Amino acid sequence: MQVVRYKPEGLDALCRNTKFSRKELQIMYRGFKQECPTGIVNEETFKEIYAQFFPQGESSQYAHYVFSTFDRDNNGSISFEEFVVGLSVLSRGSLQEKLQWAFSLYDINNDGVISKDEMTSIITAIYDLMGRCSEPFVDENTIRDHVDRVFQKMDLNKDGFISMDEFMEACRGDASISKSLGVFDTVL
């Protein structure tokens, strides 16, 4: 049985499509190939890798949402290109790019709006991810209250959904959100 290997597009194209240097991309590719010798990562492998970073909690559901956001062509796997494009946005993107990425994470069904159910699913997954580190204890009421507060702040037209524009406006107007997105800025 022959293993199919994926070959990424050229480094020059990746340099143009990301905010990484040629050297940074080479370092990342070596690490990516070490974890994923075929050059692509499926969702199960992604979840296993993700779980290593959050051993105190249950990361599977949140990892699923992150995986889906990275898997831009929805083929069930993440190529090196998809990985570094997403990483580039998260680590070096503008506030606008990071907010668009975050919106796409919350917009689980890709219909262009965030529903209360979608927000509840993501927030539940975040609390599960934090596991025993969550203080105070989290229950369904805590999550529902959190979602209600977010919707009160972001659902500007009160239609029960958060549009991309509402999300962007509310986030840009909140200094703590803007600051928290800045913590991802990195230099390799």
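The values are calculated or read from the model by the stated rules, or taken from the named source; none is laboratory data. The model shown is predicted, which means the values in this text are computed figures rather than measured ones. Cβ coordinates were reconstructed from backbone atoms using ideal geometry, including for glycine residues, and neighbour counts include every protein chain displayed. Ligands, DNA and RNA are excluded from the accessible area calculation, which covers all protein heavy atoms including side chains. Shrake-Rupley method; radii C 1.70, N 1.55, O 1.52, S 1.80 Å.
Against the numbered list (1) open to solvent by 40 Å² or more (accessible area, probe 1.4 Å); (2) over 30 Å from Tyr29 (Cβ atoms); (3) not in a helix (DSSP H, G or I), Asn74 comes up short only at (2).
Among the residues of the range 19-60, just one is within 13 Å of Ser77 (Cβ to Cβ), under 18 Å from the mean Cα position of the chain (by Cα) and surrounded by fewer than 14 Cβ atoms within 10 Å (Cβ to Cβ), namely Glu44.
Counting only residues that are touching a residue at least 12 places away in the same chain (Cβ under 8 Å) and in a loop (DSSP other than H, G, I, E, B), which one in the range 143-173 is least open to solvent (accessible area, probe 1.4 Å)? Ranking the candidates gives Gly160 first.
Here's the yes/no breakdown for (1) at pLDDT 95 or above; (2) charged (D, E, K, R); (3) closer than 24 Å to Met168 by Cβ:
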site	(1), (2), (3)
Ser59	no, no, no
His64	yes, no, no
Asp71	yes, yes, yes
Ser79	no, no, no
Phe83	no, no, no
Leu87	no, no, yes
Leu90	no, no, yes
Ser94	no, no, yes
Lys98	no, yes, yes
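Out of curiosity, is Val85 of a type in the set (A, V, I, L, M, F, W, C), assigned to a strand (DSSP E or B) and farther than 18 Å from Phe167 by Cβ?
Details: of a type in the set (A, V, I, L, M, F, W, C): yes; assigned to a strand (DSSP E or B): no; farther than 18 Å from Phe167 by Cβ: yes.
No, not satisfied.
Go through the residues of the range 20-34 one by one and say whether even a single one is among the acidic types (Asp, Glu) and farther than 22 Å from Ser176 by Cα.
As a first pass, look at the range 20-34 and keep what is among the acidic types (Asp, Glu): 24.
Those still in the list that are farther than 22 Å from Ser176 by Cα too: 24.
Scanning the range 20-34, I find at least one residue that is among the acidic types (Asp, Glu) and farther than 22 Å from Ser176 by Cα, so the answer is yes.
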